[in-house]
Structure formats: structure tokens, C-alpha cells
Amino acid sequence: MARHRLLPYLSVVAGLAVWEAVGRFTPPIIFSPFSATAWQLLHTAALPGAIAQSLGTLATGFLLSAIVAVPLGFAMGRVWWVREMFHPILTGLYAIPPVAFIPFLIVWFGLFVESRIAIVVIMCFFEMLTIASAGAATIDRRLLDVARSFSAPRHRTITAVLIPASMPFLFTALRVGLVRAVAGVITGELLLSPANLGKILVDSAARFNTAGILGIVATVALLGLFVQQGLLWLERHILRWERP
Amino acid sequence: MILLLRLSGIAIFLVLWEIAGRSLGAALLAPPSDVVAELAKLATEAQSRATIWQSLAPAVVGFAISCAVGMPLGAIMGRSKVADALLHPWMSLFVVTSVAAIVPILILMVGTGWWFVVTVVVLSSVWYVVLTTYQGAVRINRHLLDVGRAFGASRVRIFRSVMLPALFPYLLAGARIGLVHAIRSVVLAQLFILTGLGGLLQEAGMDISTARLLALLVVIMGLGLAASHGLGQVAHWLAPWQKAVDERT
């Protein structure tokens, strides 16, 4: 068992070694080794500021999206006529790739921060909505029946049964949404007027500075991993009763 | 009754859109009546039709590559602890990495040709195929495998008669999610290099009226719906006894 626990770390180290080796044998104009990338990343003065700005966009867009998506998803899961009314339209809208809205967003919100927030909102909205509605639809009926047989008042049923029963899937919805939101931030920063992390990326690409590009790619990847693991951690701490 | 509700939902949406479109003006939000007219016009333009069809080719090729690579990989990860331990950290990293971020370096590596779009499609869809197949492979019922083994079935036979049927719903779900991401990423890739659908969208964005832009969005929506519906039909035809699994992993 201990062997399997060690393997993931070994795999990560081996992967970085392969990256280093491949980077050394390819011309720097196409690909850079890990060491050069890390070096470049440490010497990008604008990086902390850019990350902070990107996180600001991320948080704003994500919160705006969640405020609408979670209650609507909940209503769709619990109230059948709401589900039947919204379902066809939302399926249709969901089939449109979020990036396809970009030219439209430019018309509405311009090229700067408002548009970037809008793309984040669209990117994570439907994922959160689907998960919230599917989760709300599968809340155990028996739990609600217990509340009813003890003739709990409506607000008690909500606070004591519905909310705790919804926590697990709400966390899943928020986690999946947040990862999508990270993707939305970088997409917006690249495809609209380049800004923050996207600007560093575009500038590096313009100078064929592959170390700079890979550094930002790694930053974005780690950011995604970090928010995902952070929410998982939070979920385990808040939802202690869910653990076996 | 349900059909009525659904239709009324769509009708209310269209009416609200029409009212909003009329009051905001076509420059901000073209009303559906304009969009339908624009759709009809789009259908008569041979050039645009050809562009849209050609945009689908890299999506299909990339999606096929994703399935061919992702399904075996996911099955192996699900059945082998070592492969799982080795590959899982990378899969979790890649699945959360936005493809948009890799586009600039891909342009340096593979240029901006046809294969660029295919590469973007593969890199954005393959992880979903792998991870969904993995979920299925992990959940294969041990007892079923034991029955196979108890009757002395060969490994090939166990794979064909036990594992494959058990995996099927997950393969299907993986293919579906993969296809959704394939179509999304084609548009993403083409928006970067301004060809195909991306080029059309960009051009339409320059128009004074948003009718053409919205018409293109409707076309893309239709393609997406048709693709995922078509896949469902194919699956039903291949294995009518199977129910689709929940697509969220």
C-alpha cells in the first residue's frame, strides 16, 4: 500500500524530469525546460499583481453566477413546473459554447473587465445549474417525510432538513463551477483585450519566449488545481457527517 | 400538460427576447424575427455553409482521437492501481487546465493550420473521456469478474463479456461529455486563429446588427444539440438495453 502512496509523487517528479529533458533537446523557440520556466516565473515582476487581478475577476464572476445558478437550479430540482418550463431553453443555451458569446459580449460590455466578468459568469453558470438541479431532485424523500410526520413548520423543514441534505451537491456544484470559472478568466483575458495573466502570456508569445508562456500555463493549471483542492478540503471540514 | 409547459417556456422566452430586442434595437439585441430572417439568408450563402461544414471536420477527427486514446487509458487506470497512481495526478492537473491557456504555445508548436484545431480539440476533450471511463472501470462489480474467473474464462473473454458491457454506459457518457467539449473547443480554437466558425463569428461581431451573430449562435446550438442527440441514438441502437448513466462524475 505504501508503494502506491508514493507512486503519484514519483510520477510528478518523473514528469518534471521528462519536461526538463524534452526542453533541453528542443530549440527554446518551441519549448523550454522546466528549470528555465521556473526561473522565468520567479523573475516576472508583474506576476503577483496579475494573479491578484485575475482572482478578483474570478471571484466577482463566480459569485454573480452562483447567486443565480444555485437558487434557480434548486427551484428546478424541487418544483416540477419550473423544471419543465426552463429545461428546454437552458438545454439549448448550454449547447452553445461559452466562447461563442464573446463577440456578443464585446458588443454589450466592451473589451475590458466587464466583459471578462461576463464570460466567467457564462462559463460556470450552466455547470452549477445542472448539478444543483440534479442534486435537489434526488434529495431523499424519506427525510422530508420525517419532518412532515413530526409536523415541522416550513422554515424548520428548510433549515433542518433541506439545507443539510443539499450541502454535498452544493459543494460539488460550486467546486465544478469554480474550476470552470478559472478557465473562463484566462479565456477572457486572452480573447478579449489581453489583460493580467493573459497579457503576460500574449506578450511572451509575441517574443517567442516559451519559458514565459509555459510559466503562465503552469500558473493557471496550479490555480485550477488549488481552487479545486481548496474547496474539497473545505467540504471535508464542513461536511464531517458525510464521511463514513 | 408537460409538453404544454415546455412549449410555453420557450414561447415566453421568445416573446421576452422579441420585446427586449425591439426596445433595445438590433445593434444590441436583434429580436428573434430578425434572427430567423438572417438564418434564412445564412442558409442560402454557399460560402458560409461550406465554412460551417468544414469546421466540423476537425471536431470529428479530434473527438475520434480522444475516444481512441482516452477510453483504453481510462479503463487501464480504473483496473490497475499502479497505472492509476502514476497517471491520476497528471489527469487531475490537465482536466482543470484551461485549453485557452495552452493555445499560445500550441500556435508556436504546431502552427495555425488544420491540425492546430484538432490538437486543441483533443487536448480539451480527452481528459473527460479518460476520467469518465475511469469512473466506470473502478465501479465494475467485483462479483461479476469473479464469476467470469470462476468459470475459467480467459482474460480476453472476461474483457469482452464482463468488462465491456459494464463499462458501456460510462463509455457513452464519456463520449457525450467529450463531444460537448470537442464542439466548444473547435469554436475556441477558431476564434483564436479566426477561421471557420470563429472567423464567421468575428466577422458577424463587426456588423452593426447583432442578427447575424445571433443566427450563428443558433446554428452552433443546433449543431451541438444534433451531435449529442445523434450520439444518444447511436448508443441506443448499439445497446438498446442500456440506460445512460448520469453524466456528472
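Answer with yes or no whether B:Tyr134 is in contact with a Ser or Thr (Cβ under 8 Å, 6 or more places away or on another chain) and buried (at least 20 other Cβ atoms within 10 Å of the Cβ).
On the way: in contact with a Ser or Thr (Cβ under 8 Å, 6 or more places away or on another chain): no; buried (at least 20 other Cβ atoms within 10 Å of the Cβ): yes.
It is false that B:Tyr134 is in contact with a Ser or Thr (Cβ under 8 Å, 6 or more places away or on another chain) and buried (at least 20 other Cβ atoms within 10 Å of the Cβ).
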Tell me, which residue of the stretch B:75-99 that is under 25 Å from A:Val182 (Cα atoms) and small (Gly, Ala, Ser) is nearest to the other protein chains (Cβ to nearest Cβ)? B:Ser98
Here is a list: A:Val121, A:Val82. Which entry is in contact with a Gly (Cβ under 6 Å, 6 or more places away or on another chain), farther than 30 Å from B:Met109 by Cα and not acidic (Asp, Glu)? A:Val121
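Do we have A:Arg207 as away from every other protein chain (no Cβ under 14 Å) and over 26 Å from B:Tyr128 (Cβ atoms) here? Before the answer, list the steps.
Values: away from every other protein chain (no Cβ under 14 Å): no; over 26 Å from B:Tyr128 (Cβ atoms): yes.
Spelling it out, it is not the case that A:Arg207 is away from every other protein chain (no Cβ under 14 Å) and over 26 Å from B:Tyr128 (Cβ atoms).
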If we keep just the residues of the stretch B:78-123 that are more than 22 Å from A:Pro27 (Cα to Cα) and among the hydroxyl-bearing types (Ser, Thr, Tyr), which is surrounded by the fewest Cβ atoms within 10 Å (Cβ to Cβ)? B:Ser80
Looking only at the stretch A:28-48, how many residues end up being over 15 Å from A:Ile213 (Cβ atoms) and surrounded by fewer than 13 Cβ atoms within 10 Å (Cβ to Cβ)? 3
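How many of the residues making up the stretch A:173-184 are more than 23 Å from A:Gly49 (Cβ to Cβ), within 10 Å of another protein chain (Cβ to nearest Cβ) and surrounded by 21 or more Cβ atoms within 10 Å (Cβ to Cβ)?
Taking the stretch A:173-184 as the starting set, the residues that turn out to be more than 23 Å from A:Gly49 (Cβ to Cβ) are A:173-177, A:179-180.
Checking which are within 10 Å of another protein chain (Cβ to nearest Cβ) leaves us with A:173, A:176, A:179-180.
With surrounded by 21 or more Cβ atoms within 10 Å (Cβ to Cβ) added as a condition, the list becomes A:173, A:179-180.
Final tally of qualifying residues: 3.
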Some residue of the stretch A:185-194 being crowded, with 17+ Cβ neighbours inside 10 Å, modelled with pLDDT under 90, on the phi < 0 side of the Ramachandran plot and acidic (Asp, Glu): no
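Taking the conditions exactly as written (at pLDDT 85 or above and in a helix (DSSP H, G or I)), does B:Ala235 satisfy them or not?
The answer is no for B:Ala235.
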Residue satisfying condition, being in contact (Cβ under 8 Å) with a residue 12 or more places away in the chain, surrounded by fewer than 23 Cβ atoms within 10 Å (Cβ to Cβ), out of contact with any Leu (no Cβ under 7 Å at 6 or more places or on another chain) and on the phi < 0 side of the Ramachandran plot, within set A:Phe109, A:Phe101, A:Phe25: A:Phe101
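Using the structure shown, decide if A:Ile139 is part of a helix (DSSP H, G or I) and crowded, with 16+ Cβ neighbours inside 10 Å. Outline the logic, then answer.
On the way: part of a helix (DSSP H, G or I): no; crowded, with 16+ Cβ neighbours inside 10 Å: yes.
Considered against the rule, which asks whether it is part of a helix (DSSP H, G or I) and crowded, with 16+ Cβ neighbours inside 10 Å, A:Ile139 comes out as no.
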Filter pass, B:Val126 being in contact (Cβ under 8 Å) with a residue 60 or more places away in the chain, away from chain A (no Cβ under 14 Å) and either crowded, with 24+ Cβ neighbours inside 10 Å or within 30 Å of A:Leu190 (Cα to Cα) (or both): yes
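Can you tell me which residue among B:Leu194, B:Leu164 is more than 9 Å from chain A (Cβ to nearest Cβ), without any contact (Cβ under 8 Å) to a residue 24 or more places away in the chain and on the phi > 0 side of the Ramachandran plot? Even if it seems obvious, please write down each step before you answer.
On the way: B:Leu164 fails: on the phi > 0 side of the Ramachandran plot.
Going through B:Leu194, B:Leu164 in turn, the sole match is B:Leu194.
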Residue among A:Leu93, A:Leu63 that is surrounded by fewer than 19 Cβ atoms within 10 Å (Cβ to Cβ), without any contact (Cβ under 8 Å) to a residue 60 or more places away in the chain and within 30 Å of B:Gly230 (Cβ to Cβ): A:Leu93
Among residues belonging to the stretch B:19-55 that are under 27 Å from A:Glu84 (Cα atoms) and crowded, with 17+ Cβ neighbours inside 10 Å, point out the one that is nearest to the other protein chains (Cβ to nearest Cβ). B:Leu29
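Please enumerate the residues belonging to the stretch A:1-32 that are part of a helix (DSSP H, G or I) and within 10 Å of another protein chain (Cβ to nearest Cβ).
A:Arg3, A:His4, A:Arg5, A:Leu6, A:Leu7, A:Pro8, A:Tyr9, A:Leu10, A:Ser11, A:Val12, A:Ala14, A:Gly15
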Those helices (runs of 4 or more DSSP H) lying entirely in the stretch A:33-120 with at least 3 residues within 11 Å of chain B (Cβ to nearest Cβ): A:80-94, A:102-109
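The values are calculated or read from the model by the stated rules, or taken from the named source; none is laboratory data. Everything numeric in this text was worked out from a predicted model, so none of it was measured. Cβ coordinates were reconstructed from backbone atoms using ideal geometry, including for glycine residues, and neighbour counts include every protein chain displayed.
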